[in-house]
Amino acid sequence: MSLRVLGRALVVALARLVFGKPRGGPVGPIRKVLVVRTDERVGNVLLTIPLLRALKQGLPEAEIVFLHAASKAALVRGLPWADRFEPFARKQFFQKPWRLAAQLWRLRRERFDVAIEAGHYHAFSLTAALVCRAIGARVVIGHDRGDARAFFDHAVPQPAGMVQDVAVKLTLAAPLGVAATDRQLETPLGADPGSRAEAAALVETMGLAGRRLLLVNPGARKLDRRWPPAAYAAAAARLAARFDLVPVVFWGPGEEGLAAEVVERLGGEACAAPPTDLRQLAALLRQGTLVLTNDTGPMHLAVAAGTPTVAIFLVGDHQRWGHELPHFAAVPVGQRPADEALLAEIEAAACRLLDGGNCSALVG
């Protein structure tokens, strides 16, 4: 047994002694709800938004508080689906534990009726579970996995045949009598007039003002989710020609070379976007006519920005991480070569998004 596994087991055992067994039973009156998502990934924060919306709409008299990664506060600040946003810095566990203790004590004094641990349904988050119990909520709800039953009064199982991440997450509202089907992502990031003006100026500096943009994202944090640059260039060239788009390749830290290779292969008017922070990227995505991307955080950001998005999936999990929305299309690529058949499939996906399948209306 590794030290990490042993340490985790000791923490779970200690938590059982300190907090006692989950109580179960009826939820009762609901006055205040805390939704906990401590993960710092862009996509994972955005994937929690539909749950917040469902709770706010289904429990209009309750106060909804969202505890989220402090580093991603801009993704959610200003949304109407929480009465308060509570930034949480997980690194304080080790760096400044007194600040963490003060925050948890303050939340405990608020006497939440319900805490919902909204992490991945396949991977138990010990940090989030400890937060839910430490704040002393009367009822704790979370997905049934890992050590969930040692912490949650209602451990919600994954429904049979349901894998889409947002859909499964919405089932966490069921113990509260809230049923929801709206899976739309949204974010205020990059939507304010100043950000839009900045993005428009950026496009102008690239000499592309007034042009229809194909925003291309060949990067991804996980290497097994990166489609090869040659394949990206072939697909982008085809979409650009078919729909009268100019390819603009955007990139994250360490991906400059990858973006440059795609641009070089495309030639013509294609160009690489300048460096962008998350706000600037969100604003740039809102300038696009179409996004072509790997399965990664910017994919979810593009969907939340409302831009038509074609996503390339290499590892076969498009049913989970994709979106059943009218402005999103998943293309499961696997190990297939970027041949005529696959490029035609990508073109058809873009066609469905841009004009409901009537591509003849888009270009002459």
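Read-outs throughout are calculated quantities, based only on the coordinates presented, and are distinct from any laboratory measurement. On a predicted model such as this, the values are computed, not experimentally measured, just so you know. Counting neighbours? That spans all protein chains shown, and the Cβs are built from the backbone with ideal geometry, glycine included.
Ranked by the mean number of other Cβ atoms within 10 Å per residue, highest first, peptides 265-274, 150-159 order as 150-159, 265-274.
3J(HN,Hα) along region 176-188: 9, x, 9, 10, 9, 10, 6, 10, 5, 8, 7, 7, x Hz, from the Karplus curve 6.51 cos²θ - 1.76 cosθ + 1.60 with θ = phi - 60°, whole Hz, x for Gly and Pro. Computed from Cα atoms, the angle from the helix 97-109 axis to the main principal axis of the chain rounds to 70 degrees. Using the alpha-carbon positions of region 193-356, Rg (one decimal) and Dmax (whole number) come out as 14.3, 43 Å.
Over the Cα atoms of the chain, the radius of gyration divided by the Kirkwood radius equals 1.01; this is the Rg/Rh ratio.
Applying 1/(1 + (r/R0)^6) with R0 = 30 Å to the Cβ-Cβ distance of Glu110 and Gln158 gives a FRET efficiency near 0.50.
Label-to-label distance for Lys91 and Arg31 is 3.7 nm, based on points extended 7 Å past Cα in the beta-carbon direction. With a Cα cut-off of under 27 Å and a minimum spacing of 8 residues unless on different chains, the lysine pairs in the chain number 15. Using the average count of surrounding beta-carbon atoms within 10 Å as a protection proxy, the listed peptides 309-316, 227-234 rank, highest first, as 309-316, 227-234.
Neighbour counting of Cβ atoms within 10 Å sorts the residues Ile141, Ile30, fewest neighbours leading, into Ile30, Ile141.
The long axis of helix 256-266 is offset from the longest Cα principal axis of the chain by roughly 30 degrees. Summing +1 for each Lys or Arg and -1 for each Asp or Glu among the other residues whose beta-carbon sits under 15 angstrom from that of Asp192 gives +1. Rounded to the nearest 500, the 222 nm mean residue ellipticity of the chain from helices alone is -11000 deg cm²/dmol, with -39,500 (n - 2.57) taken per DSSP H run of at least 4 residues.
Rounded to the nearest 10 degrees, the angle from helix 340-355 to the longest Cα principal axis of the chain is 70 degrees. The amide H of Lys32, built 1.01 Å from its N in the peptide plane, has Glu63, Asp113, Val114 as neighbours under 5 Å, considering only residues 5 or more places off or on other chains. Measuring r between the beta carbons of Arg77 and Thr181 and using R0 = 25 Å, the FRET efficiency lands at 0.45.
Sorted on the mean count of surrounding Cβ atoms within 10 Å across their residues, most packed first, peptides 181-189, 45-53, 329-337 read 45-53, 181-189, 329-337. Round to the nearest 0.05 the FRET efficiency obtained for Gln57 and Asp339 when R0 = 56 Å and r is the Cβ-Cβ distance. Efficiency, from the Cβ-Cβ distance: 0.75. Geometric descriptor of region 41-139, per residue, is 106 Å³ (volume of the convex hull of the Cα atoms).
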